[in-house]
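The values are calculated or read from the model by the stated rules, or taken from the named source; none is laboratory data. Everything quoted here is computed from the prediction, not taken from an experiment. All Cβ positions, even for glycine, are placed from backbone atoms using ideal geometry, and neighbour counts span all protein chains on display. Note: accessible area is taken over every heavy atom of the protein model, side chains too, but ligands, DNA and RNA are not part of it. Shrake-Rupley method; radii C 1.70, N 1.55, O 1.52, S 1.80 Å.
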Amino acid sequence: MSSGYKPDILWSPHHADRYVICDTELSLYRIGPAGSSETKAGALPLSEETAATLLAINSDTPYMKCVAWYPKQEPECLLAVGQANGRVVLTSLGQSHNSKCKELVGKEFVPKHARQCNTLAWNPVDSNWLAAGLDKHRADFSVLIWDISSKFSPEAVPAEKVRLSGDVDSGLVVTKPLYELGQNDACLSLCWLPRDHQKLLLAGMHRNLAIFDLRNTSQKTFVNTKAIQGVTVDPHFQDRVASFFEGQVAIWDLRKFEKPVFTLTEQPKPLTKVAWCPTRMGLLATLTRDSNIIRLYDMQHTPMPFGDEVEPTIIERSVQPCSESIISSFAWHPSAQNRMVVVSPNRVMNDFTVFERISLAWSSTTALMWACGRHLYECTEDAGQGVAAAEKDIATKMRERAQSHYGHDTVQVWRNHVLAGGDDPQLRSLWYTLHYILHCSAAALQETIGPFKAYSVKVILECTTETRRCWSGSDRQTDVPWYHSEERSLALQLCGWISRGPDIDVEPFLKSLEQEGEWERAAAVALFNLDIRRAIQILNKGASAEKGDLNLNVVAMALSGYTDEKNSLWREMCSSLRLQLKKPYLCVMFAFLTSEPGAYDAVLYESRVAVRDRVAFACMFLNDAQLPRYIDKLANEMKEAGNLEGILLTGLTKDGVDLMESYVDQTGDVQTASFCMLKGSPGEVLKDPRVQCWIENYRNLLDAWRFWHKRAEFDIHRSKLDSSSKPLAQVFVSCNFCGKSISYSCSAMPHQGRGFSQYGVSGSPTKSKVTSCPGCRKPLPRCALCLMNMGTPVSSCPGTGKADEKADLTRDKKLAQFNNWFTWCHNCRHGGHAGHMLSWFRDHSECPVSACTCKCMQLDTTGNLVPSDSV
Amino acid sequence: MDLHILDHRLRVTSISKTGLEQYTHPLIKLIFLRNRTRCKFFSLTETPENYTVVLDEEGFKELQPSEHLQVEGSTWLPLNVVSNGNASSSSQSVGVTKIAKSVIAPLAEQHVSVFMLSTYQTDFILVREKDLSVVVESLVEEFNIFREEGGESVPVHSQDACNGLQRNGREVPHATVHPVLIPENQFCVMSLDPDTLPAIATILIDVLFYSNSPREGASIDQDMECIKFFSFSMIDGYVSLVMDTEAQKQFPTDLLFTSSSGELWRMVRIGGQPLGFDECGIVAQISQPLADSDISAYYISTFSFDHALVSTRKEVSFMIHSKSKRQD
């Protein structure tokens, strides 16, 4: 008999460090830190940190079937043992028998007809009451509730008499239970209901769960189900009960006891234990036979009461407390969070803590929060003054930029980079490029050359075949081939080197560069225009300017020694020493001068030089074969890198969107992307779903920051630039719970269960019905009249039947749609289906909600007006 | 009250005493090697005449046909009454008595032959499968009837079961009165944790299969007054034993479950000639007066005779008395 028993485990209800293993005998263990002085040599290691010490063994009670620990603090180690013959014996472990305990220990409760005791449960409030669930007997009850303090003798003498006589010894065997329940059936499991300690939930053989109230045992609520094993109440949700049958767990809501609110996915092997975690909301652990894993079901995000509207959000996962051995039983620690001890059939024990899922959430500002167990961590951006603008989070940057009207300057488009803070070279390049592109296209439109073209260097150069070897003129003689064509000069215009018109003078550009103090760049541009003298002049100017770098004079000196002699010392020194120059423009100047004609890789692939300058250089010095190759290569490089300077090459075309996509992927800057793409052509670019997504996200972001005005400004800006965009809905019915709009049209994407997305679990997305908010799946408010959740269509209201018959069909249809609308009183906030409200206020002036005295109808100034077409 | 039609299809068989040795192997398998068979319903009752074996079709496969095995031709279905707990019935009467009026009498009126099997846990009323529609029809007024199929209780309504009342064509004399035999030995009804079955295996085998071997101290004339009766059943994992006090002495006291009062029962065997399976109203005859006087009883049908167990000699005489009164 003994060999067949698998050990079970029980935590002490009050001593967080003690538990009992019961198989053929009861063994009390104390758990403590491993290796501490307290733990003796005989301690069994349970985990890396903890070890257990055997404190006591009790083998007084053979044929144990079930054990329950006395729930009160005193006497502390009192256990009730249910035996195979149905007797319930009180016993104790490791106690120097104090007086109170002594009186109880050894006490036996004997049923009239012997049969196995399946389950025991102490009443949580009246701890003298012990319920025992027995197998069935044809003539006896299966649930006996014993009073452990009773002194009933076998002769069933009334308690009063025994007390009077003071006969204590006769109280050791009790045969008369306090209550008897459940005739003609076996009781497989039972539990007391914590909400009302007089109530008892029983699970019987005949496939039913029943709730008995001890104050009136003839009345009971019961339900037929197969799931009759291991009934257990969720300690955090006193109306939630789990029970199981073979491999299936059913979850019940006692308030809706007709059927399980849901069942968990069936497991192939029969379950042996199901237990709610006492330290964590809605966490259920289940164990199947011969298994080495414990399956956990997280119901934290399952709303209770649980409606029919939605599918439950349950996160399922498994833990494997000990790698090889199968688990015989487990028990949650009563107070340490998510901790359990598991025991294997050969009594190997393991202390184990279930690691809580980490839940992570970004705020719409920069803060990041994550929660693990009971800890909440927040990571916010250091708002100190010392933080460089470049290191700020993109969300902070976007907020600041939104406040400074970034993107809204449509006249001087390049100024937007100043609005953005003016410290981002990529944005600077982007807005200048856009400025030139728009400038050129506007000019093209004026000259009616053609329709609006998404100008870009790539597009322009794709159409060119014509090349002219042109003048190579400055005061110096040179044999550098210099290419020129109409398209190339257009490209130079986009690069900003020359201004519009036939004039191809770079002088204005040089002047502007000089003004901005970009001496090196100006000198390089002058040099690329084969004007060494001008370059030297610029460098001199730079050296003499305020805060000027005196080294520029040295560079100028070096430059002035230029010779086109192939083997000169100058060439040799310049080509090796130029690499030591820190300034990229100075470096490429010497690279240019020392390169063979047509082999300008040192200039073209110097990534520190602005893309526009390199492209302009390429337009001047690469032939028709080299140029498109170079442009393509560079464009692809930019696209891959998400470098906004590349917009110069791609323009606001599909390629440009690709480039912007990789920029957004890297930075998250939907703001720049939105503003930039709005400048593009509506037909090609704006219809791109990516662009729409950026715009929508930027709008949501503004909403989330509560920048309502900025959002409105953006919408205006958008409608100006994109005439195809419809004016958007500005008024929404928002959900009471999540505050999001309940309309579906604005979010085409399917909603994932909220509980899932934050864990990154790809569980089944929760299907929303029309009666719940698509954002958070909480039910919509109910109509005050029909009491149905909003979203359910209006049933035909009898009062208006006759009037409707007359109405023609089209009007009927329109009316029916309007009948479903949400309406509410702005004063008392009660409301419901428009159709119902209309018919209510036809006869009433007061709010339909009982106890609300709001005179809604009188508050409505138009309420008494009758539509002119209804007469 | 609920009436459950259980998910077992049963055969009623009899093994002759002389042919027992041919069947010891399958019987031991069915009793002790539960995980080797799919048999869920097994009952073996030894009477002086033969061994009555009631078992489901899975178990029936184990029994090889032979001249020593008699099989009743029909398939029988067990019915079980569940008080569904809400009526905490005031009367302490149990078993056959409780269901006498509600089940047995109506079935007798409809000429439905029943085969009773009382156990420690409950009472099974076996009816022929072909009579089921009549059973449902005659009991649907009184009971919520459920048919158990694959672990689910499916409610049964009379129209599902039959179209209109089909009476059994049989016209059976109603007031046949059978002679009774009242042996001297007293019986006890007990149960056992199925896990402990191996611990009493040898004793059980001895009692079941070697009861005919001469025992020391058992005198011949005692045998005249005492009747050999031993019943073992294992139904849905529940073990029930009925044995006389002599047999009980052989078992260790701590393993068998019985009532704390240690109540003993006296037997009344009904029938002088083998009763057969077609006669109905026998159980009703016995149980009706018991029910009227609220006397608890067990009732075990076997292949040849019926056996009622009541607790005291006084009740036995009451039974005899009321029976003879009926005869008048």
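Brief remarks follow.
- Order by protection proxy (mean Cβ within 10 Å, highest first), peptides A:85-92, B:235-242: A:85-92, B:235-242
- From most to least packed by mean Cβ count within 10 Å, the peptides A:615-626, A:52-63 give A:615-626, A:52-63.
- Placing dummy labels 7 Å off each Cα toward the beta-carbon, the span from B:Ser16 to A:Ser149 is 6.9 nm.
- Protein heavy-atom accessible area occluded, B/A pair - total, 1.4 Å probe, Å²: 2900 Å²
- Computed from the Cβ-Cβ distance with R0 of 30 Å, the FRET efficiency linking A:Gln817 to A:His709 stands at 0.35.
- Placing pseudo-labels 7 Å out from each Cα toward the beta carbon at A:Phe262 and A:Glu25 gives an inter-label distance of 4.7 nm.
- Other protein chain Cβ atoms within 10 Å, averaged over every residue that makes up B:74-82: 1
- In order along segment A:106-114, phi translates into HN-Hα couplings of x, 5, 10, 10, 10, x, 4, 10, 6 Hz, rounded to whole numbers, per the Karplus curve 6.51 cos²θ - 1.76 cosθ + 1.60 with θ = phi - 60° and x for Gly and Pro.
- Relative packing of peptides A:392-401, B:30-39 - highest average C-beta neighbours within 10 Å first: A:392-401, B:30-39
- Neighbouring partner chain Cβ atoms per residue of A:220-226, average, 10 Å criterion: 3
- Rounded to the nearest 20 debye, dipole of segment A:209-326 from Cβ charges on Lys, Arg, Asp, Glu: 340 debye
- Over 30 Å apart at the Cα level, from the set A:Lys273/A:Lys740; B:Lys40/B:Lys130; A:Lys547/A:Lys679; A:Lys226/A:Lys740; A:Lys102/A:Lys136; B:Lys29/B:Lys314, are A:Lys273/A:Lys740; A:Lys547/A:Lys679; A:Lys226/A:Lys740; A:Lys102/A:Lys136; B:Lys29/B:Lys314.
- Members of segment A:177-214 that become less accessible by 40 Å² or more once partner protein chains are added (1.4 angstrom probe, chain alone as reference): A:Gln183, A:Asn184, A:His206, A:Arg207
- Approximating the spin labels as points 7 Å out from Cα along Cα→Cβ, the A:Cys322-to-B:Phe32 distance works out to 3.4 nm.
- Shielding value for B:149-155 is 2, the average number of Cβ atoms from other chains within 10 Å of each residue's Cβ.
- Per residue, the Cα convex hull of segment A:167-242 amounts to 129 Å³.
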